[in-house]
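Here, each number is a calculation from the coordinates, and none is a lab measurement. Everything quoted here is computed from the prediction, not taken from an experiment. Cβ placement follows ideal geometry from the backbone for every residue including glycine, while neighbour counts extend to all protein chains displayed.
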């Protein structure tokens with residue numbers, strides 16, 4: 001069954017902390033995405049990738065790194081977390097002419 | 001930059017009535033997707049369209065790529081339809097960037 005799995009589902013860290021959010025898709029999709037969602041905004045694109053080793057910059061990339069280690073795995077890295085990065089994060093994958101699939105989201109709090 | 005303009009930002013309906021949500025695009029989009037976000041924050045896929053109209057129960061969606069808009073019609077609204085609705089559009093061929101509208105918060109009243 002097609003799926004996008006995010007981990008952890010919830011994370012609390014402190015300012016300056018190092019956080020890695022993980023996303024795995026089992027859909028054989030080429031494209032994967034990381035979004036953040038904040039009150040008053042829709043989902044905003046942070047980074048995306050069209051294959052292992054590829055990285056594309058999204059609309060709100062500052063403070064984030066990402067790495068696509070395999071076709072299945074896409075990681076979002078916050079190396080010096082700040083309170084402004086407290087948000088709900090979504091991962092998604094998509095393939096040619098197929099509806100994108102979204103994960104359940106990761107709630108991150110930076111204290 | 002590429003934009004998806006979603007309206008209205010908030011909508012209140014009485015049970016049994018209906019209305020339409022709309023997304024306008026400032027550039028050519030090749031497909032659009034509509035979601036309902038539930039109270040737990042999960043995104044529930046409603047429709048994915050590359051063109052034309054799709055219908056599912058009390059919901060119907062249309063995507064007009066030539067005129068750069070999409071609509072989501074809700075009829076006979078029920079309390080469980082409450083939530084935030086988003087459209088998301090895929091920009092261009094060869095650049096699979098997916099851009100979201102800001103959402104419509106829908107409240108259904110008894």
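Some observations on this one:
- Residue order, fewest to most beta carbons within 10 Å, for B:96, B:15, B:67: B:67, B:15, B:96
- Rounded if a/c under 1.5, otherwise prolate or oblate - region B:31-104, Cα gyration tensor axes: oblate
- Region B:14-65 - percent relative contact order, Cα under 8 Å, separation 6 or more: 27
- With a simple spin-label model that places each label point 7 Å from the Cα along the Cα-to-Cβ direction, the separation between residue B:26 and residue B:56 comes to 3.0 nm.
- Take the Cα of residue B:68, go 7 Å toward its beta carbon, and the backbone nitrogen atoms of region B:13-32 under 14 Å from that spot belong to B:23-30.
- Selected from B:83, B:57, B:41 as most flexible by GNM, with chain B as the system and alpha-carbon contacts under 10 Å: B:57
- Distance (nanometres) between label positions extended 7 Å along Cα→Cβ at residue A:73 and residue A:107: 2.7
- Residues considered: B:70, B:51, B:12. Largest GNM mean-square fluctuation over chain B, using C-alpha springs under 10 Å, is found at B:12.
- Between A:38, A:96, A:73, the residue with the greatest mean-square fluctuation in the GNM of chain A (Cα pairs under 10 Å linked by springs) is A:96.
- Cβ crowding within 10 Å averaged over residues, with A:21-27, A:80-86 ranked highest first: A:21-27, A:80-86
- Fewest-first ranking of A:75, A:90, using other Cβ atoms within 10 Å as the exposure measure: A:75, A:90
- Ranked by how many other Cβ atoms sit within 10 Å of their own Cβ, fewest first, the residues A:48, B:69 fall in the order B:69, A:48.
- Contact order normalised by residue count of chain A, Cα under 8 Å, 6+ apart, percent: 36
- Cα-projected label distance for residue B:39 with residue B:107, points at 7 Å along beta-carbon direction, nm: 1.5
- Cα gyration tensor, region A:1-103 - rounded (a/c under 1.5), prolate or oblate: prolate
- Chain lengthening between residue A:65 and residue A:22 when straightened (0.36 nm per residue, less Cα-Cα): 14.2 nm
- Mean separation of Cα contacts under 8 Å, 6 or more apart, over the residue count of chain B: relative contact order %: 37
- Gain on full extension, evaluated as 0.36 nm per residue between residue A:39 and residue A:86 minus their Cα-Cα distance, stands at 15.8 nm.
- C-alpha center-to-center spacing [region B:1-73, region A:84-109] in angstrom: 19
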